[in-house]
Amino acid sequence: MLETPRQRAAAAIAILGSAIALALLPFSSGLLGAAVLYVLTAEGHARLARLTRPGIAALATLLAAVIVIALPLAWVIAIVIDQAPQTVRTIQESDIFARLSQLRIGHLEVGAEVAKASGTIVRWLSTQALALVGSAATASVNVVIAFFGLYYLLSSGGNLWQQFREYIPFSARTAEALREHFFSVTRATLIGTLLTALAQGTIVGLAFLLVSLPNPLFWGTITAFVSVLPVLGSGLVWIPAVLILLLQGRPGAAVVMLIAGWLVASNVDNLIRPVVYRRVSNIHPMITLVGAFAGIKYFGLPGLLLGPLAIAYFFELLRFYKLEYGTDTPSPSDTAALSHDRGA
């Protein structure tokens, strides 16, 4: 297999490329994050570049992205890390656990097991908080890579894409259509996810405040994060809250929380996602769920967004591969989409 110089050169490139990919794996979230940030800011940068020099436009766009995206996200993460152990400890010391600690079913001491489990949860959360602090160096490097990568992508203009397109195994027409679809998929996925997270977090947080449950800001933030998960979503927060209110003997407050979570928050999710996801080729919720869990494993907290986004990219590649090389006749929707992208 390595008889010709071309084969040996290809093998050397493959080995070196694999080694580089393994070395860059811990920073993959920063690299992918740079591409995502570029998609989100490219249109605004293009408008700004018409008014000033490209370098100044790129720098101004970078600063705007830091202020609008990085600083609020850092604030939210700081809230979660700071309040998580104390919040769980407060629940552990509440009257509900005091009642449960005395509960027995036959010879089984349910209360003692509940108390033991709650202590384990507190210790686990403390360990996870320390793990987040311990990995702060890697997370900081990924943030720096993402935003510096954004600056260089903006500064390069279309030159980087022209160089990269030569290595895409599609025709020039399909490559341009694929690029347009990557932009639309990224925008639709992120906008739908972020709007849903903001809406559900705000609704559930206000409901916590209305029924006088502790730490409404913390639980609203947690709701925003778990709302990324389809099917489960915000129910991971408001369903336990309803049960806690019932155990406290507050059925009226439990009904208010149920209305806020089930009727309002869930319906907001069902309204926002379909409207925005019409441009994402009808990705099944199970695929999004698996992508979110896999993304957390490989990318950490940003994986809640990057995981489903990577799967969306994969299915777009499959669709365009079938359109370019498949033996089947392209469907009218694929042909129309490709023609639309050519016009764009």
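Here, each number is a calculation from the coordinates, and none is a lab measurement. For clarity, every value in this text was computed on a predicted model and none was experimentally measured. Cβ coordinates were reconstructed from backbone atoms using ideal geometry, including for glycine residues, and neighbour counts include every protein chain displayed.
What to note about this one:
- Under Karplus coefficients 6.51, -1.76 and 1.60, residue-wise ³J(HN,Hα) of segment 310-315 in Hz, glycine/proline x: 5, 5, 4, 4, 4, 6
- For segment 182-189, putting each phi into the Karplus relation 6.51 cos²θ - 1.76 cosθ + 1.60 with θ = phi - 60° gives couplings of 4, 5, 5, 5, 4, 4, 5, 5 Hz, in residue order, rounded to whole numbers and with x for Gly and Pro.
- Each peptide in 64-77, 37-50, 196-209 gets a packing score, the mean of other Cβ atoms within 10 Å over its residues, and the list from highest to lowest is 196-209, 37-50, 64-77.
- Between Ala294 and Ile13, the modelled label-to-label distance comes to 2.7 nm, taking each label 7 Å out from Cα in the direction of the beta carbon.
- Extension gain (nm, one decimal) between Ser156 and Leu51, 0.36 nm per residue minus Cα-Cα: 36.1 nm
- The HN-Hα couplings worked out from phi for segment 63-71 by the Karplus form 6.51 cos²θ - 1.76 cosθ + 1.60 (θ = phi - 60°) are 4, 5, 5, 5, 5, 7, 10, 5, 5 Hz, whole numbers, x standing for Gly and Pro.
- Working from label points 7 Å from Cα in the Cα-to-Cβ sense, the Arg250 to Leu263 distance is 1.9 nm.
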